[in-house]
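The block underneath contains the structure these notes are about, expressed in structure tokens.
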Amino acid sequence: MKKRQAIAYFRTSSAANVGPDKDSQRRQREAVMAYAKTHRMEVMESFYDAAVSGADPIDTRPGFIALLDRCKENGFSVILVENAGRFARDLVVQLTGHALLQTLGIELIPVDAPTYFTDPSPTAELVRQILGAVAQFEKTSLVIKLRGARQRKKQKTGRCEGRKPVPNEVVAMAKQLEHDPKSGRHRSLRAISAALEAAGHIQLSGKPYLAYSIKRMLERRSA
């Protein structure tokens, strides 16, 4: 019997949980691969949104956009995620995002509860909404707690760690690379990222700058 093909999607909200020494992506991958093995499925590719909020609409996430493009190109129709919260924590995003996937003929399977999005009963629909609301509540509560912790740290030390900004020299180089010096044409965001990587400018995670990061660099005003 031929194995069913699928694509895996991973997401981590906090930049502090991104990196080879963190367990977020590894845990998600292990859960998805275990499910795929048990259910005779073959995970063809995986896509990862690092430091992307579960409240962000799915069509604004670089990793998920790339995933949808690959589904369209290769005809993949199954997406595996660790749980529904990895797909989206915001209830509206969760329900509207799943509805979008349905119109595209794509099945979304949270491996901890495979029928979460497919059970048509009114009770299941109510449970989906309740669980989505709980996930949204937990996320909001966590944000409030973290904000309070940051404020207390700032009051105590006078500073608070956050996501480090892109160095000015990297921004300056990105702007120089925006146009090809010979043809004068605009370079693509990916081309600029590749050129920065070749020059040794990458993210703290060790990965090249994403396209949306390059876009922000180009939009940043000169200091």
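The values are calculated or read from the model by the stated rules, or taken from the named source; none is laboratory data. None of these values were measured; they are calculated from a predicted model. With ideal geometry, Cβ positions are generated from the backbone for all residues, glycine too; neighbour counts draw on all protein chains shown. Note: areas computed on protein heavy atoms with side chains; ligands, DNA, RNA excluded. Shrake-Rupley method; radii C 1.70, N 1.55, O 1.52, S 1.80 Å.
If I take every Cα pair under 8 Å that is 6 or more residues apart in the chain, average their sequence separation and divide by the length, what percent do I get for the relative contact order?
Contact order relative to length: 16 percent.
Set the Förster radius R0 to 25 Å, insert the Cβ-Cβ distance between residue 21 and residue 172 as r into 1/(1 + (r/R0)^6), and round the FRET efficiency to 0.05. Numbers along the way, then the final one.
On the way: r = 31 Å, r/R0 = 1.23.
Working from the Cβ atoms, E equals 0.25.
List the pairs from 139/215; 37/72; 175/207; 3/139; 3/215; 22/175 whose alpha-carbon separation is above 30 Å, in the order I gave them.
3/139; 3/215; 22/175
If each of residue 216 and residue 118 carries a label point 7 Å out from its Cα toward its Cβ, how far apart are those two points in nm?
Distance between the two pseudo-spin positions: 3.7 nm.
Carbon and sulfur: what percent of the range 169-216's accessible surface (1.4 Å probe)?
54 percent
Suppose all protein chains stay in the model; what accessible area per residue would a 1.4 Å probe give for the chain, in Å²?
Values: 13870 Å² over 223 residues.
With all protein chains present, the chain gives 62 Å² per residue.
What is the distance, in nm, between label points placed 7 Å from the Cα along the Cα-to-Cβ direction at residue 197 and at residue 99?
Going from the residue 197 label point to the residue 99 one covers 3.7 nm.
Take the solvent-accessible surface of the protein heavy atoms, probe 1.4 Å, and return the percent of it on the range 4-121 that carbon and sulfur atoms account for.
So the carbon and sulfur contribution to the accessible surface is 51 percent.
Can you compute the radius of gyration and Dmax for the range 1-56, using only the Cα atoms, both in Å?
In Å, with Rg to one decimal and Dmax whole: 12.8, 42.
So which trypsin sites (Lys or Arg not before Pro) in the range 18-72 are both in a DSSP loop and have at most 13 other Cβ atoms within 10 Å of their Cβ?
When the trypsin sites (Lys or Arg not before Pro) of the range 18-72 are filtered for loop state and at most 13 Cβ neighbours within 10 Å, 40 remain.
Provide, for q = 0.08, 0.11, 0.12 Å⁻¹, the log10 of I(q)/I(0) from a solvent-free Debye sum over equal Cα point scatterers in the chain.
-0.37, -0.68, -0.79
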